[in-house]
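K.L.:
Let me give you the structure first, and then I'll get to my questions.
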Amino acid sequence: IDNPRWAGVPFVLKAAQAVTENKVELRIQFHGVPGAVATLRSCEANELVVRVQPEEAIYWKVQSKVPGLRSDQVEQVRMDLLYSRLARKLERKLPQAYERLLLEVIANDHSHFVSPEEQLEAWRIFTPALHHLRDAKLPP
């Protein structure tokens, strides 16, 4: 992304198996703005989180000024949209991620699946890059 706000922002993909938590989520962590107010320089980063499972949710963790006369106090607050709360309010059951995919397979809906042609093209593009990384023996 070519603009000053995103300059130098690393895009890091982390994945793990055999961990104690079973969770799938996307986290976008924002860096501070150059020249920000001094009290904001040591704050935790603002973060947008999209959780796929368990308990689907979208939440935004931001630094907010603490109400009152002092202007140097900030705290992290969380604004969230938890689908489970919405489902309870509407008295509906939310299907699990794989439940939805299996229902789509049964209904012959392939819209969330990669076609064989797409899969072959992905391997054609990424295999040389993977071989290069393996041969370069770069640390993760």
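K.L.:
Looking only at the stretch 54-70, filter to residues that are at negative phi and touching a residue at least 24 places away in the same chain (Cβ under 8 Å); which one of those is most open to solvent (accessible area, probe 1.4 Å)?
P.N.:
Pro54
K.L.:
Of the conditions (1) more than 30 Å from Phe113 (Cβ to Cβ); (2) modelled with pLDDT of 70 or more, Leu40 clears all except one; give me its number.
P.N.:
(2)
K.L.:
Failed condition for Ser64, given (1) hydroxyl-bearing (Ser, Thr, Tyr); (2) modelled with pLDDT of 75 or more; (3) over 22 Å from the mean Cα position of the chain (by Cα), with all others met?
P.N.:
Evaluating Ser64 over (1) hydroxyl-bearing (Ser, Thr, Tyr); (2) modelled with pLDDT of 75 or more; (3) over 22 Å from the mean Cα position of the chain (by Cα) leaves (3) as the failure.
K.L.:
To continue, here is another question. I'm trying to understand the selection: among the residues of the stretch 104-133, which are exposed (fewer than 10 other Cβ atoms within 10 Å of the Cβ) and at pLDDT below 85?
P.N.:
Ser111, His112
K.L.:
In addition: Identify, from the list Arg51, Arg78, Arg27, Arg88, the residue that is open to solvent by 90 Å² or more (accessible area, probe 1.4 Å), at pLDDT 70 or above, assigned to a strand (DSSP E or B) and within 30 Å of Leu101 (Cα to Cα).
P.N.:
Being open to solvent by 90 Å² or more (accessible area, probe 1.4 Å), at pLDDT 70 or above, assigned to a strand (DSSP E or B) and within 30 Å of Leu101 (Cα to Cα) holds for just one of Arg51, Arg78, Arg27, Arg88, which is Arg27.
The values are calculated or read from the model by the stated rules, or taken from the named source; none is laboratory data. Here the structure is a predicted model, which is why all the values come from computation and not from measurement. FYI the Cβ positions are ideal-geometry reconstructions off the backbone, even for glycines, and counts take in every protein chain you see. Keep in mind that these areas ignore ligands, DNA and RNA; they rest on the heavy atoms of the full protein, side chains included. Shrake-Rupley method; radii C 1.70, N 1.55, O 1.52, S 1.80 Å.
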